[in-house]
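Q: My questions all concern the structure below.
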Amino acid sequence: GQSLEQPSEVTAVEGAIVQINCTYQTSGFYGLSWYQQHDGGAPTFLSYNALDGLEETGRFSSFLSRSDSYGYLLLQELQMKDSASYFCAVRNAGNMLTFGGGTRLMVKP
Amino acid sequence: DAGVTQSPTHLIKTRGQQVTLRCSPKSGHDTVSWYQQALGQGPQFIFQYYEEEERQRGNFPDRFSGHQFPNYSSELNVNALLLGDSALYLCASSLTGGQNTIYFGEGSWLTVV
């Protein structure tokens, strides 16, 4: 089977940096995706890592270590609008996503 | 360029009834996947359609069925609804081959009473 572990909740203040970790056990690994979901909304694509290393997209960065079955999402210069749930998801070769349980991020002023 | 569109956005059904949800993928995409997301949980993969055939299936009973049309749009059907089927149903659109981004629609909120 496949399983992903990520913290259930993280709290940080505006302007700070936060890192959300994700460990996975899976077969047929193709890459690790990150999605943001605001309450009542759809998952929005943030980042994708197929190879080891860091991918940077504006204030968001994502890292992958395939040998450690580990990745993280780094959010810099936190804003109130970043308060949302963040999901890591393993992607297989057939574009199927297996999601973690999600990390609820609360940004405080 | 329209993104992934789903309908209806909200619906209420009674136990035992049947429901059909619809999805139009992002322009240029040929693969549609369906996910179920219960409150407070991550989305769970139901199945995927490509070239009008079911290609992958998650751990869902055969009460859940689907279809893909020649224009790549898709339907999700759920028969004999149970209270536990109440969830957000998400459609994901992608292009087969390569490391293309997978996009989600806004979802259909189903409440079974």
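The values are calculated or read from the model by the stated rules, or taken from the named source; none is laboratory data. None of the values given here were measured: they were computed from a predicted structure. Every residue, glycine among them, receives a Cβ derived from its backbone with ideal geometry; neighbour counts consider all protein chains shown.
Q: Between B:Arg63, B:Arg57, which is touching a strand residue (DSSP E or B) at 6+ places or on another chain (Cβ under 9 Å), surrounded by 13 or more Cβ atoms within 10 Å (Cβ to Cβ) and closer than 18 Å to A:Asn95 by Cα?
A: Answer to the check: B:Arg57.
Q: Residues that are touching a residue at least 60 places away in the same chain (Cβ under 8 Å), under 23 Å from B:Tyr35 (Cα atoms), over 16 Å from the mean Cα position of the chain (by Cα) and within 12 Å of chain B (Cβ to nearest Cβ): does the stretch A:13-36 have at least one?
A: Yes, the stretch A:13-36 contains at least one residue that is touching a residue at least 60 places away in the same chain (Cβ under 8 Å), under 23 Å from B:Tyr35 (Cα atoms), over 16 Å from the mean Cα position of the chain (by Cα) and within 12 Å of chain B (Cβ to nearest Cβ).
Q: Check whether at least one residue in the stretch A:44-55 is at negative phi, at pLDDT 95 or above, more than 14 Å from chain B (Cβ to nearest Cβ) and out of contact with any Lys or Arg (no Cβ under 8 Å at 6 or more places or on another chain), and report yes or no.
A: Scanning the stretch A:44-55, I find at least one residue that is at negative phi, at pLDDT 95 or above, more than 14 Å from chain B (Cβ to nearest Cβ) and out of contact with any Lys or Arg (no Cβ under 8 Å at 6 or more places or on another chain), so the answer is yes.
Q: Looking at the stretch A:72-85, can you tell me whether even one residue there is within 10 Å of another protein chain (Cβ to nearest Cβ) and modelled with pLDDT of 95 or more?
A: yes
Q: Are any residues in the stretch B:32-66 under 13 Å from B:Val78 (Cβ atoms) and over 12 Å from the mean Cα position of the chain (by Cα), and if so, which ones?
A: If the condition is that a residue be under 13 Å from B:Val78 (Cβ atoms) and over 12 Å from the mean Cα position of the chain (by Cα), then B:Phe60, B:Pro61, B:Asp62, B:Arg63 are the ones that fit.
Q: Determine, yes or no, whether A:Ser61 is among the polar types (S, T, N, Q), surrounded by 16 or more Cβ atoms within 10 Å (Cβ to Cβ), within 14 Å of another protein chain (Cβ to nearest Cβ) and assigned to a strand (DSSP E or B). Reasoning before the result, please.
A: Details: among the polar types (S, T, N, Q): yes; surrounded by 16 or more Cβ atoms within 10 Å (Cβ to Cβ): yes; within 14 Å of another protein chain (Cβ to nearest Cβ): no; assigned to a strand (DSSP E or B): yes.
Considered against the rule, which asks whether it is among the polar types (S, T, N, Q), surrounded by 16 or more Cβ atoms within 10 Å (Cβ to Cβ), within 14 Å of another protein chain (Cβ to nearest Cβ) and assigned to a strand (DSSP E or B), A:Ser61 comes out as no.
Q: Restricted to the stretch A:34-43, and to residues that are at pLDDT below 95 and surrounded by fewer than 20 Cβ atoms within 10 Å (Cβ to Cβ), which residue is nearest to A:Met96 (Cα to Cα)?
A: Ranking the qualifying residues of the stretch A:34-43, first place goes to A:Gly41.
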